[in-house]
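Everything below concerns the one structure shown next.
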Amino acid sequence: MDRDEEDDLLQRSLNGDGRAYGALMGAYERVLYNVALRMVNDREDAKDLTQTVFIKAYRNLATFDRGRKFFSWIYRIMVNEALNFRERRRPGDPLDEGMASTDRGPDREAEDRELSAIVERGIAELAPDYRQVILLRHFAQLSYEEMGEALGIEEKTVKSRLFTARRLLGEILERRGVSLS
């Protein structure tokens, strides 16, 4: 969605146009859901968090700084909600094993499911700052600039965190027997 279209939808939403806000939700729902899913590792919780974020954003839309990107603002709300959720949830809750794709043969499916679970646990072990940059870059496919805006940090800090996060995740995966070469 380009900036002009987003601005138009925001203005219409502020004027009470529910369809305009629905269009904003449609534009960002999938990426926010995917980020939530990667952060909380549960599909139903991710759906609930995504809805909660859209409700909070709508209630606080008048406070949104129109000089920033809407996605950066709503993403920050998602991160905060997901981190709060994780803090409330018991550490070590099991991951949803049903997240793996079932489009392959049984052997490949089992291997993929096992690898996916190992990677998910590895990402979950990262400190929040490192987990966020991994999720934004590799799951939300944001640019470094977009990541910086979403996190409120400089682009060079994003690159540094991502470098460190990848190294730490690689070490975690190697300890678990996953070859990175």
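Between residue 48 and residue 174, the simple spin-label model (points 7 angstrom out along Cα→Cβ) gives 3.9 nm. Dipole of the chain computed with +1 at Lys/Arg Cβ and -1 at Asp/Glu Cβ about the Cα centre; of 179, 124, 139, farthest Cα towards the positive end is 124. Looking at the chain, the accessible area is 57 square angstrom per residue; that uses a 1.4 Å probe and ignores ligands, DNA and RNA. Binning the C-alpha pair distances of segment 17-82 at 10 Å intervals from 0 yields a P(r) profile of 22, 57, 20, 1 %, listed from the shortest bin outward.
Of the trypsin sites (Lys or Arg not before Pro) in segment 103-181, which ones lie in a loop per DSSP and count no more than 15 other C-beta atoms within 10 Å? Mind showing how you got there, number by number?
Numbers: sites: 104, 108, 113, 121, 131, 137, 156, 159, 161, 166, 167, 175, 176; in loops: 104, 176.
Of the trypsin sites (Lys or Arg not before Pro), the ones in loops of segment 103-181 whose Cβ has at most 15 other Cβ atoms within 10 Å are 104, 176.
Solvent-accessible area of the chain (1.4 angstrom probe, protein heavy atoms only): carbon and sulfur portion equals 46 percent. The protection proxy used here, the mean number of other Cβ atoms lying within 10 Å of each residue, ranks peptides 32-38, 55-61 as follows, highest first: 32-38, 55-61. The lysine pair tally for the chain, using Cα distances under 21 Å and a gap of 8 or more places or different chains, is 4. So what's the angle, to the nearest 10 degrees on a 0 to 90 scale, between helix 3-14 and the longest Cα principal axis of the chain? Long axis of 3-14 versus the principal axis of the chain: about 70 degrees.
Mind checking the dipole of the chain: about its Cα centre, +1 per Lys or Arg Cβ, -1 per Asp or Glu Cβ, Debye to the nearest 20? Before the final figure, lay out the partial values.
On the way: 30 positive and 34 negative charges, 101 e Å.
Magnitude of the dipole: close to 480 debye.
The distance between label points at residue 155 and residue 62 comes to 3.6 nm (points 7 Å beyond Cα on the Cα→Cβ vector).
The values are calculated or read from the model by the stated rules, or taken from the named source; none is laboratory data. All values derive from a computational prediction rather than experimental measurement. Here Cβ is always computed from backbone atoms with ideal geometry, including for glycine, and neighbour counts include all displayed protein chains. Just so you know, the surface numbers come from the protein's heavy atoms only, side chains and all, with ligands and any DNA or RNA stripped out. Shrake-Rupley method; radii C 1.70, N 1.55, O 1.52, S 1.80 Å.
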